[in-house]
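Only one structure is covered here, and it is reproduced in the block below.
The values are calculated or read from the model by the stated rules, or taken from the named source; none is laboratory data. Computed from a prediction, not measured in an experiment: that's the story for all the values here. No Cβ is skipped: glycine too gets one built from the backbone with ideal geometry, and neighbour counts run over all protein chains shown. To get the accessible areas, we keep the full protein, side chains included, count just its heavy atoms, and leave off ligands, DNA and RNA. Shrake-Rupley method; radii C 1.70, N 1.55, O 1.52, S 1.80 Å.
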Amino acid sequence: MKIAYYLICTAFLSACVSSQNNHPAEDNGRTLHNGIVLPEHWPPGMVDDGVRHEMPLPYIENKPAVIPVNLGRQLFVDDFLIAETDMQRVSHKATFYEGNPVLAPDKEWEYTFERAPYAAPFSDGIWYDETDRKFKMWYLAGAGSMHKHRQSFYTCYAESLDGKHWEKVDMDVEPGTNIVDTCDRDAATVWLDKTCPDPEKRFKLFNVEKHRGGWKVILKYSKDGIHWSEGVAQSGPVGDRTTAFYNPFTGKWALSLRQGAKADGRSRGYLENEDPEMAVSVAHSLAAGIKDKNIVLWFTPSDKELVHPEFPDVRPAIYNFDAMPYESVMLGFYAMWKGPENDVCDKLGIQKRNEIGMGYSRDGFHFYRPTYEPIMGVNETDGAWNWGNMQSIIGVPLIVGDSLYLYSSGRMKNDVMCFTSTGMATLRRDGFVSMQTPGQGFLTTGNIKFDGKYFFVNAQVKNLQVELLDEQGKVIPGFSKDDCEALKDLNSTKQMVAWKSGKDLSSLADKVVKIKFYVTDGDLYAFWISPWKTGESRGYTGGGGPGLNPAGIDKPL
C-alpha cells in the first residue's frame, strides 16, 4: 500500500487532468508536454515522519485523460503510457568497457596532500560538444600542496574524440597542466547549456567550495569551459555532496542538496528557480525538523533499498542524486550507499559500497525506480578500478550511434591509496527498460494524441505488428494488425512501421487514438511519431553525441 506522505499529494492527484494543448497560456505553463498538470503549490515536500517510503507517483495514480506524445521517444520505464499488457517490464544493466578505466590519475598535480591519486568526476560533467565535435570531461583531482589538508581538491579538464581515449590537454589556467579551476572543492556540476542565448554563459559551474569552515555553492560562467568567471552567485552553507541540474520540461534549474532527515542523514533536499543565480543564492542546508520556504525535503532512502551482503545490519541510504533530461523523461542517477561507515572502511582497508541506480520521472520531481539493482555496480575483485565508492556523473548518457555511453567514478581498495579513476559502460539506445515477452505478447496504450506523420519503434523481436485504435478501442480502417507490414527478426533502435495502404499518419493527427503492439519473442523499448521520415524524435539527447543537433534536441541538422 502506497503512503501519500507528500504535503500536497491529494492536490496533485486532482490536478493531473487532460490537456488539449502542450503549453496552454491560461495555466501559467503548469501543463507539461505530456499532459501532466502541476499544482499551483509546487514543488511538493515530503513529510519528515521518520519512516522510509517509496516515492508516490501522482501522474500514474491519476493519469491525464489524453497523453500528448509529440516530444521525444516514448519510453516504457513505468505504467504512464500503458493501459493493458501481458508483457513484463525488465530493467537492463550497462556493460562495462573492457579498457576501463578510461581516465586514471597519472599526473603529479592529481595527488592529494596525503599522496592519494584522484582523477574522476564527482558529478562534474562529461558531455559531447557538437560545436567542435569533442567529448569533454571535467573531473576532481587532488590538490597536492596547493591546499594543505587531507580532503582538498580542484578541477581538471580532459577531452576525447571517441569517448574512450582521453587526453589531458595543457591549459593556460595553470600553465603546463590541465587544471581549469583551483578553488578548494568537493562536489561540482558542469552544465553545458546548449540553448543558452549568451555565449559567455554557455558553460555553468556549480562548484561546492570550502568557505569559512563550511561548504557553499559558487556559480561561475564560461564560454569555453576552461576559463571561468568569478563567482556570480553564492549559497549559504550546504551539504558537501550537493549538485545541480536543468529540467527543460519545466524550464527550471534545480539543486539536489545533501540533507538530513529523521529517516536517514543521507537524504535529499530540493529547490528550483528559473534563474540559476537565484537558485544558488537562496540555497542553504535544511536541518531535520526546520522548514524553509525555498527548500523541500525531496526524498529519503526507500524501504526497498538493498543491503550490503557483508554488512547486513547497515541501513542503506542515498549518497547522491543527479538528474538529466533524456528524450521525453528525466533520468535520475542514484549513488546508492550500502556502507560500511568510513571508520570501519579505514579499519578493514576497504571502500564503502556505492553503486549507481536509476529512476525515471515524468514531472522532474517524482521518480520511479523499477528496480533497486544497480545499472552500474561494483566489482570486488582485487585490482578492479570500481571495487567500491562509485559516483554518478552529470551529462550522461551520451548518444553514440545505437549506443548510450555511461560513465562513473570508482575506487580501488584503500591499500592502494584510494586510487580513484573513471570508467565507462554502454547500453542500447533507450535501453534502460524494456517490455519483454518470451512468446506472444501485447501492449495497448491509453489515449494519446500526436502531430507527427511517421511511426517508429526501438525493438529487438522475432515479430512485431502495430495496430491503431480509436478512442472507443475499435480498429481504425487501414491501420489494423493485418494491414501492418510485419517486422520480422527486428533489431533496430530506429525502425519505421508502415501499413499496406502506404499512408502516413497525418490523417490521424490531433485525434485521440490508442496503439496496440503485438510482439513475439523479444523486447519493446520505445515508440515515437516523427514529423520526418528520417525519424528524429524532437526529444532531448542527454549529453549529446556525434552527428546530433547542437541544440541538444533530436531534430534534423
Amide H neighbours of L38 under 5 Å, counting only residues 5+ apart in sequence or on other chains, H built in-plane at 1.01 Å? T31, L32
How much of the accessible area of region 246-389, probe 1.4 Å, is carbon plus sulfur, in whole percent? 47
With the cut-off at 28 Å, report for region 306-442 the share of all Cα pairs above it, as a whole percent. 23
For the chain, dividing by residue count, accessible area per residue (probe 1.4 Å) in Å² works out to 38
Loop-located GluC sites (Glu not before Pro) in region 323-383 whose Cβ has at most 16 other Cβ within 10 Å (DSSP): E341, E380
Report the one residue of G364, F96, S392 whose Cα lies farthest in the direction of the positive end of the charge dipole of the chain (charges on C-beta: Lys and Arg +1, Asp and Glu -1; origin at the Cα centre). G364
In region 54-147, what percent of the accessible surface is made up of carbon and sulfur (1.4 Å probe, ligands and nucleic acids excluded)? 45
Entries of K93/K352; K500/K533; K252/K338; K304/K352 with Cα pairs more than 23 Å apart: K252/K338
Using the crude model of +1 on Lys and Arg Cβ and -1 on Asp and Glu Cβ, and no other charge, please compute the dipole size for the chain relative to its Cα centre, in debye to 20. 480
Mind running the shape call on region 407-557? Use the C-alpha gyration tensor, a ≥ b ≥ c as the square roots of the eigenvalues: rounded below 1.5 for a/c, prolate if a/b tops b/c, oblate otherwise. prolate
Over region 48-96: Rg over Rh, Cα atoms, Kirkwood Rh: 1.05
Considering the alpha-carbon set of region 170-282 alone, what are its Rg and its Dmax in angstrom? 14.6, 48
Over region 449-557, with every protein chain in place, what whole percent of the accessible area is carbon and sulfur at 1.4 Å, could you tell me? 47
Where the Cα pairs of the chain fall when distances are cut into 20 Å bins, in %: 22, 55, 22, 1
Starting from region 63-138, pick out the trypsin sites (Lys or Arg not before Pro) whose DSSP state is loop and whose Cβ has at most 10 other Cβ atoms within 10 Å. R115
Taking the alpha-carbon centroid of each part, what is the distance from region 245-262 to region 69-120 in angstrom? 19
Go through K462/K494; K63/K481; K474/K494 and tell me which ones have a Cα-Cα distance over 22 Å in this structure. K63/K481; K474/K494
If the cut-off is 20 Å between C-alpha atoms, which lysines fall inside it for K223, apart from same-chain ones fewer than 8 positions away? K134, K136, K168, K194, K201, K204
